[in-house]
Structure formats: C-alpha cells, structure tokens
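Notes for the one structure printed next.
The values are calculated or read from the model by the stated rules, or taken from the named source; none is laboratory data. A quick note: this is a predicted structure, and the numbers were derived from the prediction, not measured. With ideal geometry, Cβ positions are generated from the backbone for all residues, glycine too; neighbour counts draw on all protein chains shown. Keep in mind that these areas ignore ligands, DNA and RNA; they rest on the heavy atoms of the full protein, side chains included. Shrake-Rupley method; radii C 1.70, N 1.55, O 1.52, S 1.80 Å.
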Amino acid sequence: MLVCSKCGGEYPERFRLRCDCGGTLMVMRETPGSLSDALTEYLDMRRYLGLLPLSSGYPEPVPSITPVSELDVEGTTAIFKLEYLQPSGSFKDRGTWVTVAKLVEEGITEVVLDSSGNAALSLAVFARRAGITAHLFVPARASPGKLSLLGRLGAVLHVIEGDRMAVHERAVEFAERSGLTYISHWLNPYFIEGTKTVAFEAYEQLGVPDYVLAPTGSGTLFLGLWKGFSELRSMGEIDRLPKLIAVQASGYESLCGRSFLRSCLAEGIAISEPPRLEEMRRALAETGGSCVSVGDPEIERALKWLWERGFMVEPTSATVLAALWKLMESDGIERGSKLLLPLTGSGLKTVEGI
C-alpha cells in the first residue's frame, strides 16, 4: 500500500504522487523473512523483483547490477559504486524502470516530467521502448550534451529559462492544463522503490558500510538508500543502519545551512526546496548521519581526481568525494571505516557536441 509520511493515510498501490492532505507517499509492504527468500536468478535489477511493487511485465532495457571499486583515499578505504554505468548513464534508471513498469500496468501512455537532465534522459530511453510519450521539461542551462541526446531520443522537449524550481512549476502547470499524468521523481513513491535496490546490491557486494555518502537534492537516492537498508534490517539481514551523509551543493542546501555562493557545477542536486525534506531529516536522525555542503572549487578538485583514475563521471557525482575530503579534514569520519560512495552519473553526457 501507499502510506502518507504526514498523516499516515493509506492508499492502494496505484500511480499517485500525494496524499489528500498534501503529504508525500511511500510504498509500505511486509518484508520477506530473509533477503534470499526474495531473490531471483536474474543477474540484473530483476534479481530483486520479490522486493518491488510490480505485478506484470517489465520494461527494457533492465538496469544493471553495478560494480564496486575500492580505492585508498588518503588512508581511508572508499568503495565507489559505479552507477554511471547504467543504460542511460545514471542511477535514475533504477527509479525510472519501476515507474515505467507501473505506468504500463495502468495503461498510462503520455506523461510529463521535469528534470535537470539525467531523469529526463532516463525516461526518454525507457518510455520510448514502452510506447509512452514523454513531455520533458529541462532547464536551458542544462549540459549541451544532455540536451543533444534528449533531442535524438524522440521525447517532446520543453526547454525552460530560469532555475530548477521554475522548470518544476512550468511542468506542473503544463500537466494540469493538458490533463496529463505528472510523474515527478521528487514525489513519485515508485521511483524510490527503484533506487532502494542500490542498498540491496551494496549489501550483497560488501556487507554493511559504516557510512554512505550520497548526492542529495530532491533526495531520491538518499531516501532509497535509507529505505533499502531499513528493509534489510526488517528482514533481520543487518542489525544496524549505516550513517547516511547527505551531500549538498553550495547555495542549494536544504539540510545544511544555506551558503551565500551558488554552485554552477552540481546541476543534478541544485534543488533548494525538496518536497521530501521531512523524510530526509528523519533518515538523518535514524542513522545518526549528517549533511555536508560542497562548492565548485572542491567539486573541481574531486572531479579531476576521479577522471584521472578512470571514473568518467559528471560533476554532481564528484560531490561525494569532495564531501569525504571535507569530513576527513574535520575528523567527521572515523578512521578505518568502510565508506560507500555511489557515483551517480556519467560525465560523457556532459560533453558538448555529442
């Protein structure tokens, strides 16, 4: 069922973004007795079908089980999870895959989405294969490479002047005026069902990390990690949650104190008013986590370090390494800890002229 985070109201598992009271929704189901009870023999995201709210066919392509890479970062072991190797080049494919499967189940064939780029690219790929028309609202300042790719994928593209919140408002207005289904990944409970599988995979690959650092704007990955590890605890697979570190962009903080200077690089998390803010605060409290804000000079340094080591990521992905360095400088990370850092998006899409 869908459960409201604000009033506790319950709804059937149909496509819905908000409770009647205005609160956000999460899918809540009884967990199996163990993770092994729910696993399938597939070697992709379908491995976790027993833990997902899907009942019929599944769209293609299917998101991958992404590899991890362990590196020493100034005496600390950092385990990078390579989410940028997903079909459309970002972790967003996990949430999109579950969302599109739900849309197909309900016979919804035309939708509206706003995005800084990665979610739009992801939907363009999966919607096209599923026969769904996607109206994609993106900021004019999005990476030229991403805009070029979107134009080639056959989606109906709406390029909007203004900041990320302005793009969001225009998308909502268009959906209401046109009578189309708005599928905001900020609000969509099924999107988080997809991103929680990062936690399942990480647990199978490396056990329970001590810390997880995640780029956090709207919170779709951050909350997915929280939900995934929480479900593992409910199954009795783990007895503790990792400390979640919300990594935010300078000038767009919602969990940290707001900075004066605004980041131009971390476009994927340039979201100052996320609708799931209270849920993110709860996740920080439950895990004993914290928030770290990083600016463009720190992101540039981290991006250079990652590219030099073969991780071809976009600037938003580099925020987690920048945050790790910042925490190490302030003794905010216990030495000898196991750290998980998802690298969320491919840098190859940000190259102009693709």
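Restricting attention to the stretch 55-103 and to residues that are of a type in the set (Asp, Glu) and surrounded by fewer than 24 Cβ atoms within 10 Å (Cβ to Cβ), the residue that is nearest to the chain's Cα centre (by Cα) turns out to be GLU60. A search for C-beta distances below 9 Å between a residue of the stretch 108-121 that is open to solvent by 10 Å² or more (accessible area, probe 1.4 Å) and any residue that is in a strand (DSSP E or B) and of a type in the set (S, T, N, Q), counting only pairs 6+ apart in sequence or on different chains, returns ILE108/THR181; THR109/THR133; GLU110/THR133; GLU110/THR181; ASN118/SER90; ASN118/SER346.
All told, TRP325 falls short of being within 30 Å of LEU149 (Cα to Cα) and either modelled with pLDDT of 95 or more or of a type in the set (Ser, Thr, Tyr) (or both). Quick check on ALA124: is it in a helix (DSSP H, G or I) and surrounded by 24 or more Cβ atoms within 10 Å (Cβ to Cβ)? Criteria met by ALA124.
For PHE174, state whether it is out of contact with any His (no Cβ under 6 Å at 6 or more places or on another chain), under 21 Å from MET280 (Cβ atoms) and in a helix (DSSP H, G or I). It is false that PHE174 is out of contact with any His (no Cβ under 6 Å at 6 or more places or on another chain), under 21 Å from MET280 (Cβ atoms) and in a helix (DSSP H, G or I).
Within the stretch 2-16, which residues are open to solvent by less than 90 Å² (accessible area, probe 1.4 Å) and either of a type in the set (Gly, Ala, Ser) or part of a loop (DSSP other than H, G, I, E, B) (or both)? Matches in the stretch 2-16: SER5, CYS7, GLY8, GLY9, GLU13, PHE15, ARG16. For the residues LEU43, LEU52, the requirement of being surrounded by fewer than 17 Cβ atoms within 10 Å (Cβ to Cβ), out of contact with any Pro (no Cβ under 6 Å at 6 or more places or on another chain) and aliphatic (A, V, I, L, M) singles out LEU43.
Yes/no per residue for (1) without any contact (Cβ under 8 Å) to a residue 40 or more places away in the chain; (2) open to solvent by 10 Å² or more (accessible area, probe 1.4 Å); (3) over 24 Å from ASP114 (Cβ atoms):
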| site | (1), (2), (3) |
| --- | --- |
| ALA266 | no, no, no |
| ILE271 | no, no, no |
| ARG276 | no, no, no |
| GLU286 | no, yes, yes |
| THR319 | no, no, no |
| GLU329 | yes, yes, yes |
| LYS349 | no, yes, no |
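Listed here are the residues, each with its yes/no results for (1) touching a strand residue (DSSP E or B) at 6+ places or on another chain (Cβ under 8 Å); (2) at pLDDT below 95.
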site: ASP44; (1), (2): yes, no
site: THR66; (1), (2): yes, no
site: GLU70; (1), (2): yes, no
site: GLY95; (1), (2): no, no
site: ASN118; (1), (2): yes, yes
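Just name the residue that is least open to solvent (accessible area, probe 1.4 Å) out of those in the stretch 127-158 that are more than 21 Å from the chain's Cα centre (by Cα) and among the β-branched types (Val, Ile, Thr). Looking at the filtered set, the residue picked out is ILE132. Restricting the search to the stretch 166-184, which residues are hydrophobic (A, V, I, L, M, F, W, C), within 23 Å of the chain's Cα centre (by Cα) and surrounded by fewer than 19 Cβ atoms within 10 Å (Cβ to Cβ)? Matches in the stretch 166-184: ALA166, VAL172.
Within the stretch 207-255, take every residue that is among the aliphatic types (A, V, I, L, M) and in a helix (DSSP H, G or I) and give me the one that is surrounded by the fewest Cβ atoms within 10 Å (Cβ to Cβ). Checking each candidate, the answer is LEU232. Selection over the stretch 230-247 of residues that are touching a strand residue (DSSP E or B) at 6+ places or on another chain (Cβ under 8 Å) and without any contact (Cβ under 8 Å) to a residue 60 or more places away in the chain gives a count of 3.
Checking the structure you have, find out if any residue of the stretch 106-113 is within 24 Å of ASP163 (Cβ to Cβ) and under 16 Å from the mean Cα position of the chain (by Cα). Yes, the stretch 106-113 contains a residue that is within 24 Å of ASP163 (Cβ to Cβ) and under 16 Å from the mean Cα position of the chain (by Cα). How many residues, within the stretch 305-317, are open to solvent by 40 Å² or more (accessible area, probe 1.4 Å) and touching a Gly at 6+ places or on another chain (Cβ under 9 Å)? Qualifying residue count, the stretch 305-317: 2.
When GLU286, GLU352, GLU273, GLU334 are checked against the criterion of being closer than 20 Å to TRP186 by Cα and either modelled with pLDDT of 95 or more or not in a helix (DSSP H, G or I) (or both), a single residue qualifies: GLU273.
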